[in-house]
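S.K.: Have a look at this one.
The values are calculated or read from the model by the stated rules, or taken from the named source; none is laboratory data. Small disclaimer: the values here were computed from a predicted structure and weren't measured. With ideal geometry, Cβ positions are generated from the backbone for all residues, glycine too; neighbour counts draw on all protein chains shown.
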Amino acid sequence: MKTIRLCIGSNDGNNIAETHMGDTEYFYIYDIFENSEHSFVEKRTNIAKNMGHAKAEKMKEVLRIIKDSDILIARQTSPNFIKIAAKTKHQPVVVKTEKIPDVLITLCQSFDKIYEHVRRRKNGELFDTILEL
């Protein structure tokens, strides 16, 4: 079964933070599956939170913390999301939905579209697309 590992930046575990993903207290890691199921993996503390906005060192540290995630979820595009899209294996996704359970449903409904981007990146292709759902 196809699986996508995702990372959501949140301060409370219920809502996606309105700020940039790298400025959140925690990263919530989930797996979504092609059959529209999802499972919580773990909560990780964002030790890079106070490293300075849009800094390359901060981006590197965040990516180290969430290195096993295929997609990164946020409510807004950031300068580092643009760099991540163009230069890494991670697929940034911007969502309009606030509540994490609703975001998971939206992601599951778009599984095939997201999976195609993840597959391309895993095969070494780099492109600057940031998905908006």
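S.K.: Within region 118-130, can one find any residue that is under 18 Å from Gly22 (Cα atoms) and either in contact with a strand residue (DSSP E or B) (Cβ under 9 Å, 6 or more places away or on another chain) or among the hydroxyl-bearing types (Ser, Thr, Tyr) (or both)?
M.R.: So far as region 118-130 goes, yes, one or more of its residues are under 18 Å from Gly22 (Cα atoms) and either in contact with a strand residue (DSSP E or B) (Cβ under 9 Å, 6 or more places away or on another chain) or among the hydroxyl-bearing types (Ser, Thr, Tyr) (or both).
S.K.: Quick one: would you say Val93 is in contact with a His (Cβ under 9 Å, 6 or more places away or on another chain), on the phi < 0 side of the Ramachandran plot and surrounded by 15 or more Cβ atoms within 10 Å (Cβ to Cβ)?
M.R.: So Val93 passes the test.
S.K.: When both residues are 6+ apart or on different chains and their Cβ atoms are under 7 Å apart, which pairs have a first residue that lies in region 1-17 and is touching a residue at least 40 places away in the same chain (Cβ under 8 Å) and farther than 20 Å from Asp68 by Cα, and a second that is polar (S, T, N, Q) and surrounded by 15 or more Cβ atoms within 10 Å (Cβ to Cβ)?
M.R.: Listed by first residue and then by second, the contacts come to Ala17/Ser10; Ala17/Asn11; Ala17/Thr24.
S.K.: What number of residues within region 28-56 are of a type in the set (Gly, Ala, Ser) and either closer than 21 Å to Glu125 by Cα or part of a strand (DSSP E or B) (or both)? Break it down into steps so the answer makes sense when it comes.
M.R.: First, pick out the residues of region 28-56 that are of a type in the set (Gly, Ala, Ser): 36, 39, 48, 52, 54, 56.
Imposing the further condition that a residue be either closer than 21 Å to Glu125 by Cα or part of a strand (DSSP E or B) (or both) reduces the set to 39.
Final tally of qualifying residues: 1.
S.K.: Has region 67-78 got any residue that is without any contact (Cβ under 8 Å) to a residue 40 or more places away in the chain and either within 15 Å of Leu133 (Cβ to Cβ) or surrounded by 14 or more Cβ atoms within 10 Å (Cβ to Cβ) (or both)?
M.R.: no
S.K.: Could you figure out which of (1) modelled with pLDDT under 95; (2) in a strand (DSSP E or B) isn't true of Pro92?
M.R.: Of (1) modelled with pLDDT under 95; (2) in a strand (DSSP E or B), only one is false for Pro92: (1).
S.K.: Do we have any residue at all in region 57-73 that's more than 14 Å from the chain's Cα centre (by Cα), among the small types (Gly, Ala, Ser) and assigned to a loop (DSSP other than H, G, I, E, B)?
M.R.: Looking through region 57-73, none of the residues is more than 14 Å from the chain's Cα centre (by Cα), among the small types (Gly, Ala, Ser) and assigned to a loop (DSSP other than H, G, I, E, B).
S.K.: So, one more: Would you be able to say whether some residue in region 34-56 is surrounded by 20 or more Cβ atoms within 10 Å (Cβ to Cβ), under 11 Å from the mean Cα position of the chain (by Cα) and touching a residue at least 24 places away in the same chain (Cβ under 8 Å)?
M.R.: No, because not a single residue in region 34-56 is surrounded by 20 or more Cβ atoms within 10 Å (Cβ to Cβ), under 11 Å from the mean Cα position of the chain (by Cα) and touching a residue at least 24 places away in the same chain (Cβ under 8 Å).
S.K.: Of the residues Ala56, Ala48, only one is in contact with a helix residue (DSSP H, G or I) (Cβ under 9 Å, 6 or more places away or on another chain), at pLDDT below 95, farther than 10 Å from Gly22 by Cβ and of a type in the set (Gly, Ala, Ser); which?
M.R.: Going through Ala56, Ala48 in turn, the sole match is Ala56.
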